[in-house]
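Shown next, in structure tokens, is the structure this report addresses.
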Amino acid sequence: MNLQPRRRTLLLSAAAAGGMMMFPFGRALAQATAATPRLDVPYVPTPQEVVDKMLDLAKVGKNDTLFDLGCGDGRIVVTAAKVRGARGTGIDIDPERIAEAKENAKKAGVSDRAQFRVGDLFKTDFSSATVVTLYLLPTINAKLRPQLWKQLKVGTRVVSHAFDMGSEWPAEKTVEVDGRTIYYWTITEANKKEVA
């Protein structure tokens, strides 16, 4: 009978010690979870054949500065830099995706022309872009549309995978690639006047 209370005490002591050992990990996990940004758009990679067609449609070349808004693993910027000789910047709110994109640029040997940074699209200055690429959601595209019109120069090309910009800005061209739609626009004087 004396063994039972002693055994319970030892088990409780072991559990408490284990809990103390787990506490720093638990706190780190909680901090990491708290630091993870709330994503407006789930991460879904753009297939390479769609990336290639997006760059074709925008006629991306060595004199272009491309911004990929919501860049994910960076494949559009990396391809634009490696295959087309363009300079590019990828913006994503998820630090994990940005780390992956930087690693992909390094592996492709284009870190000098392909840059990535963590950022909120709605607080980003992309006015130097000659091409903007997107794979967001319709609601985000619609919310971003006035910012594109305001910041981008007349003639800047905008290409979106899968989603348009709403009836207020119909696409100039649409292309199908393996059942996926790509939308294309250029910034016009009328767009600039709309937000002036």
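The values are calculated or read from the model by the stated rules, or taken from the named source; none is laboratory data. In this text the structure is predicted, and so the values were computed from the model without any measurement. Positions of Cβ are generated from backbone atoms using ideal geometry, with glycine treated the same way; all protein chains shown enter the neighbour counts. In case anyone asks, the SASA skips ligands and DNA or RNA and just uses the protein heavy atoms, side chains included. Shrake-Rupley method; radii C 1.70, N 1.55, O 1.52, S 1.80 Å.
Points to keep in mind about this one:
- Of the residues making up the stretch 111-146, just one is touching an Asp or Glu at 6+ places or on another chain (Cβ under 6 Å) and farther than 25 Å from N63 by Cα, namely I140.
- Residue list for the stretch 81-94, restricted to those being open to solvent by less than 70 Å² (accessible area, probe 1.4 Å) and in contact with a strand residue (DSSP E or B) (Cβ under 6 Å, 6 or more places away or on another chain): A81, A86, G88, T89, G90, I91
- Of all residues in the stretch 107-132, those satisfying the criterion of being within 10 Å of the chain's Cα centre (by Cα) and surrounded by 20 or more Cβ atoms within 10 Å (Cβ to Cβ) are F116, L121.
- Pairs, first in a loop (DSSP other than H, G, I, E, B) in the stretch 42-65, second of a type in the set (F, W, Y) and open to solvent by less than 80 Å² (accessible area, probe 1.4 Å), C-beta under 9 Å, six or more apart: V44/Y135; P45/Y135; T46/Y135; A58/Y184
- Being open to solvent by 30 Å² or more (accessible area, probe 1.4 Å) and more than 20 Å from V44 (Cα to Cα) is a property that does not hold for D178.
- One residue alone among T124, T89, T139 is within 22 Å of K53 (Cα to Cα) and hydroxyl-bearing (S, T, Y), and that residue is T89.
- V159 vs. criteria surrounded by fewer than 20 Cβ atoms within 10 Å (Cβ to Cβ) and touching a residue at least 60 places away in the same chain (Cβ under 8 Å): no
- Cross-chain or 6+ apart pairs with Cβ under 6 Å, the stretch 97-126 first and within 30 Å of K143 (Cβ to Cβ) and outside any helix (DSSP H, G or I), then open to solvent by 80 Å² or more (accessible area, probe 1.4 Å) and of a type in the set (V, I, T): none
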